[in-house]
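Presented below is the structure to which this report refers.
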Amino acid sequence: MKKIRWYDATTIKEAQQEVDTTVSAILQNNKRGTSIIKSGGLDVMDLMKEGLIAPEKVVNIRNVTGLDKIEFSAKSGVRIGANVTLAAIEKNSDIRNSYLALHQAVAKAATPQLRNMSTLGGNLAQRTRCWYFRSIDHPCLRKGGDTCFAKKGENEYHAVMNNGTCASVYASSVATALMAFGAVVEIADENGGRKSIPIEEFFVTPYEDIRKENVLKAGEIITAVVLPAVSDKVRSYYIKQGARQSYDWALADVAVVMEMAGKKCKDAKVVLGAASPVPVRAKGAESVLMENGVLESSALAAAEASMEKATPLEKNGYKVTVFKTILQRAILKATQS
Ligand SMILES: Cc1cc2nc3c(=O)[nH]c(=O)nc-3n(C[C@H](O)[C@H](O)[C@H](O)COP(=O)(O)OP(=O)(O)OC[C@H]3O[C@@H](n4cnc5c(N)ncnc54)[C@H](O)[C@@H]3O)c2cc1C
């Protein structure tokens, strides 16, 4: 058995001094690598057990001070520290009252035990659950190989759009809701500075760089995720469809955030998760809602518009219908919430 060194960091600076690579870089380097970050450890341990990464050192950031707070203000929004667990987000009443779709997304992720361990930062930076990516016997594009095995293989859970290069889907269903609220990811960079990136720019598509799913570089640490304040006119809803009712990854999930004026919709953000290699805004659906308001007919039209660019693979055409159904439902439920 390979020995692993363990380092308990107590400050961001200390963690940055100890870390010298990322999971993505190790995957490209034929498993070799030295030192990576671990927060909840669920994905890091899974990747190690799957034989996909074999770091020499694991830097535990769970004890880094200041990353475990939820700071809410009705005026400025909510700042959720990167080490806050999904369980703590789920229990927070300010988040439930003001950011219902986020509460719903978190409450539907994984299981209660896993949510007790999962951190928000780790959840955003986890790697895809594509079974070819997770298999040591399949050297796929994301691991430095030259094939996407899903495109002609068992692709029933895979991407129904933007799947020309790699057909994996992003694992975080929490990200679907965060994007609908226009979240910003705060990052401590490798030079000791801080930067804030809109969540839509945090993700990296396979067309941009097949090796990565997010912009993080070695030594960069997510410190928090910030959601802007929402007015009392904002309505939101999130629905996740899995293969089973019990814990499962999303087959399809949608988040809707709308600013309403009666039945009129002044602003809409509609996000699809598990549709594409990264979460995507359904801008066609947003336009339908803003032009027509929220009615049974416009909810249906928005759901149709959300799948206009779908390019399903041989075995996942059913996901197009699932997306349309849950999106129509989420739009109508949001106005009743
Ligand atoms: C059976 C199962 C079902 C699940 N279902 C769902 C689901 O339905 N929806 C969902 O959203 N999630 C789901 N998850 C994911 C889970 O909830 C965790 O969020 C996820 O596995 C990783 O979180 P973690 O804190 O354990 O991260 P870790 O495993 O510690 O880290 C994950 C990655 O993030 C990096 N990292 C960690 N923290 C930071 C940071 N602060 N800054 C920069 N990089 C960082 C690590 O280096 C690593 O690359 C599921 C997991 C399992 C095992």
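The values are calculated or read from the model by the stated rules, or taken from the named source; none is laboratory data. Everything numeric here is computed off the predicted structure, so don't read it as measured data. So basically every Cβ, Gly included, is an ideal-geometry build from the backbone, and we count neighbours across all protein chains shown. The area values use the complete protein model at the heavy-atom level, side chains included, leaving out ligands, DNA and RNA. Shrake-Rupley method; radii C 1.70, N 1.55, O 1.52, S 1.80 Å.
Using θ = phi - 60° in the Karplus curve 6.51 cos²θ - 1.76 cosθ + 1.60, the 3J(HN,Hα) couplings for region 291-298 round to 7, 10, x, 9, 10, 3, 5, 6 Hz; x is entered for Gly and Pro. So, R0 is 51 Å and r is the distance between the beta-carbons of ASP146 and LEU300; what FRET efficiency does that work out to, to 0.05? The value I calculate is 0.75.
Among the GluC sites (Glu not before Pro) within region 261-337, which fall in a DSSP loop and have no more than 14 other Cβ atoms within 10 Å of their own Cβ?
Numbers: sites: GLU286, GLU291, GLU296, GLU304, GLU308, GLU314; in loops: GLU308, GLU314.
When the GluC sites (Glu not before Pro) of region 261-337 are filtered for loop state and at most 14 Cβ neighbours within 10 Å, GLU308, GLU314 remain.
Taking every lysine pair in region 234-336 that is 8 or more places apart or spans two chains, those with Cα atoms closer than 18 Å amount to 19.
When the Cα gyration tensor is reduced to axis lengths a ≥ b ≥ c, the ratio a/c is 1.5 or higher for the chain, and with a/b not above b/c it is classed as oblate.
Between region 183-226 and region 33-55, how many Å separate their Cα centres? With region 183-226 and region 33-55 each reduced to a Cα centre, they are spaced 19 Å.
Relative to the dominant Cα principal axis of the chain, helix 318-336 is inclined by about 60°.
So what is the relative contact order for region 1-44, in percent, with contacts set as C-alpha pairs under 8 Å and at least six apart? Let's see the in-between values first.
Numbers: 22 pairs, mean separation 13.1, N = 44.
Once normalised by length, the contact order is 30 percent.
Think of each Lys and Arg Cβ as +1 and each Asp and Glu Cβ as -1; about the Cα centre, that makes the dipole of the chain roughly 440 debye. Counting only residues at least eight positions apart within a chain, or on another chain, the lysines with an alpha carbon under 19 Å from that of LYS57 are LYS2, LYS3, LYS13, LYS31, LYS38, LYS49, LYS217.
Compute the signed sum of charges (Lys and Arg +1, Asp and Glu -1) over the other residues within less than 15 Å, Cβ to Cβ, of LEU100. So the environment of LEU100 carries a net charge of +4.
For region 215-337, the pair-distance distribution built from all alpha carbon pairs, in bins 5 Å wide starting at 0, is 2, 11, 20, 21, 16, 13, 10, 5, 2, 0 percent. Of the trypsin sites (Lys or Arg not before Pro) found in region 1-74, those in coil by DSSP whose Cβ has at most 11 other Cβ atoms within 10 Å are LYS2, LYS3.
Carbon and sulfur: what percent of region 234-336's accessible surface (1.4 Å probe)? Working shown, then result.
Numbers: 2260 of 4660 Å².
About 48 percent, which is the carbon plus sulfur part of the accessible surface.
Once the chain from LYS13 to MET1 is taken as fully extended at 0.36 nm per residue, the excess over their C-alpha distance is 1.2 nm.
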